[in-house]
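The values are calculated or read from the model by the stated rules, or taken from the named source; none is laboratory data. Keep in mind that this is a model prediction, so the values were computed, not measured. Cβ: placed from backbone, ideal geometry, glycine included. Neighbour counts: every protein chain shown.
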Amino acid sequence: MQRIPMTSEGFEALQAELKTLKTEERPAIIAAIAEARSHGDLSENAEYHAAKDKQSFIEGRISELEDKLSRAEVIDTSRLKGKTVKFGATVKVTDEDSGDTFTYKIVGEDEADISKKKISIASPIARAMIGKEEGDIADVSAPGGAKSYEIISIAWK
């Protein structure tokens, strides 16, 4: 069974989503199915079919979250330190072509959110940075083409 690395914040977010699905979404969809059933003929009842589809989605998501949480390897990033890039590091890089500077935190796949500057450990840029030190160049083979980033700093927050 493959472990899934994630921060404690990511683990808590998945737990909160699971709780919401089980305590709010699931009961609401059961009530919606019961209401749609009361309208009669199920073969031509669009409300019933839509509610059943939503129920299927919710049950699938619950199953997926329970699996991920059971395989989670929660990593306390506040205890991490070092001079090389690894999971949980906040890395400041400069694009060697454009000179633009970016700061990314390397997190688990389910936590990745580029708008919050969090990138997945499985992303091409994170994979290229793992094991590198300040001053090293990370060559990234991305779908948009090859890019090179200089690692400016590594922080642990």
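Table: residues versus (1) surrounded by 15 or more Cβ atoms within 10 Å (Cβ to Cβ); (2) free of Cβ contacts under 8 Å to residues at least 60 places away in the same chain; (3) in contact with a helix residue (DSSP H, G or I) (Cβ under 9 Å, 6 or more places away or on another chain).
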{"position": "Gly99", "(1), (2), (3)": "no, yes, no"}
{"position": "Thr103", "(1), (2), (3)": "no, yes, no"}
{"position": "Ile121", "(1), (2), (3)": "yes, no, yes"}
{"position": "Ala128", "(1), (2), (3)": "yes, yes, no"}
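Could you list, in sequence order, the residues of region 1-43 that are touching a residue at least 40 places away in the same chain (Cβ under 8 Å) and part of a helix (DSSP H, G or I)?
Selection gives Ser8, Glu9, Gly10, Phe11, Ala13, Leu14, Gln15, Glu17, Leu18, Leu21, Lys22.
Please verify whether region 78-86 includes one or more residues that are farther than 22 Å from Leu21 by Cα, touching a Leu at 6+ places or on another chain (Cβ under 8 Å) and crowded, with 17+ Cβ neighbours inside 10 Å.
Here is the first cut: in region 78-86, the ones farther than 22 Å from Leu21 by Cα are 78-86.
Imposing the further condition that a residue be touching a Leu at 6+ places or on another chain (Cβ under 8 Å) reduces the set to 86.
Add one more test, that the residue is crowded, with 17+ Cβ neighbours inside 10 Å, and what stays is 86.
Yes: one or more hits.
Just to be sure, is Glu64 among the charged types (D, E, K, R), exposed (fewer than 13 other Cβ atoms within 10 Å of the Cβ) and not assigned by TED's automatic domain parsing to the domain that holds Glu150? Walk me through how you get there before you give the answer.
Working: among the charged types (D, E, K, R): yes; exposed (fewer than 13 other Cβ atoms within 10 Å of the Cβ): no; not assigned by TED's automatic domain parsing to the domain that holds Glu150: yes.
The answer is no for Glu64.
Can you pull out every residue in region 110-127 that is farther than 13 Å from Phe87 by Cα and acidic (Asp, Glu)?
First, the residues of region 110-127 that are farther than 13 Å from Phe87 by Cα: 110, 113-117, 124.
Asp110, Asp113, listed by residue number.
In region 132-148, which residues are closer than 15 Å to Thr101 by Cβ and either surrounded by 12 or more Cβ atoms within 10 Å (Cβ to Cβ) or of a type in the set (Val, Ile, Thr) (or both)?
Answer for region 132-148, where residues must be closer than 15 Å to Thr101 by Cβ and either surrounded by 12 or more Cβ atoms within 10 Å (Cβ to Cβ) or of a type in the set (Val, Ile, Thr) (or both): Glu134, Ile137, Ala138, Lys147, Ser148.
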